[in-house]
Amino acid sequence: MTEPTSETAQNGYDVAGPYALGALTEEQRAAFDAHLEVSRASVDEVLAVLPVARRLAYTAPPRTVPPNLRERTLQAATGAAPAAAPIPAAARAPKIPAVRPPSGSAPRGRRWPLVAALLVAVVAAVGLGGFARQQASYARALQENLDEANRRATMAELDVAAARREAMAAGRRAAVLTAPDTQEIVLGNQPNAPDARARVFWSTAEGVVFTASGMPPLAPGQSYHLWLVPDASPVSGGELPLDEEGRIAAVVTLPEGVTEPVPMAVTAEPAGGGATPTGTVYLLGRPEA
């Protein structure tokens, strides 16, 4: 494609009129066609000039040029008579009267401005379409980049939030494990969890931490659940998150009224748990007397 010249790019309004009238050279038209693809202002200017250019084609009536117009023009410009003798009237070509078209039709000699105006309109529409497609492409690329940036920012925020939660949980576990009043409670595995090993670290001052390894995987929709049994009625100690290696490390939120070590059990329950244990028991334990 021919690149628009700097003059064309900088003077789009000046070139729009001659472009609409079909008065540009082939090279100038090619340059301005390229300019229209990137300049909405010039496209608007050409579309505004088109109606005027079309009306100009029908403003002046057709005239027959006098045969001696050239000689008279040269004589007026130079002040000297033309060197060649004037052609006798008898030798002159007979004057052919102008044939006027039927009423309602445009004269043949004046059809080209209308055709040129239509072509200009088509070219301008193509230029406007190219400009619109380019702007739509820019908008799509910008939206895609914005969506990707938002996705990355969201993922970064989630990663940071998860890291903070893990750091806080690790800090709480460390505080419990190192507290001077921490008591260790061993939970025994049941037949359906032969490789399981579990301990509870209970600190009245810092809290409770549950740890386990070798826990068997559960069916989809189920999770391990801790139950505290201060009396005959067990109360929930919350869900216990299981990793892919069969390990559990959780800070336990004690239910209201439970302040001292009590017997405990771990069962498999539907995700979310319930008010009372209903599933299979995997671990059991009680504090030492």
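No value in this document is a laboratory result; all are computed from the given coordinates. Being a predicted model, the structure only gives us computed values, none of them experimental. Cβ placement follows ideal geometry from the backbone for every residue including glycine, while neighbour counts extend to all protein chains displayed.
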Report ³J(HN,Hα) in whole Hz for each residue of region 241-256, in order, from the Karplus equation J = 6.51 cos²θ - 1.76 cosθ + 1.60 where θ = phi - 60°; Gly and Pro get x. x, 10, 8, 5, 8, x, 10, 9, 9, 9, 8, 8, 8, 6, x, 4
Quick check: pseudo-label points 7 Å beyond the Cα along Cα→Cβ at L142 and Q75, how many nm apart are they? 6.8
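Subtracting the Cα-Cα distance from 0.36 nm times the residue separation, let me have the gained length for R165 to A48 in nm, one decimal.
Numbers: separation 117, 0.36 × 117 = 42.12 nm, distance 6.39 nm.
Roughly 35.7 nm would be gained on extension.
Report the FRET efficiency, 1/(1 + (r/R0)^6), for E239 and A205, where r is their Cβ-Cβ distance and R0 is 35 Å, rounded to 0.05.
Working: r = 25 Å, r/R0 = 0.71.
Calculated transfer efficiency: 0.90.
For the peptides 164-172, 35-43, 17-25, what is the packing order when you average, over each peptide's residues, the other Cβ atoms within 10 Å and list the highest mean first?
Values: 164-172: 11.4, 35-43: 19.4, 17-25: 17.6.
Packing order, densest peptide first, comes out as 35-43, 17-25, 164-172.
Rounded to the nearest 20 debye, what is the charge dipole size of region 211-289 about its Cα centre when +1 sits on each Lys and Arg Cβ and -1 on each Asp and Glu Cβ? It would help to have the intermediate numbers written out before the result.
Working: 2 positive and 9 negative charges, 26 e Å.
That gives region 211-289 a dipole magnitude of about 120 debye.
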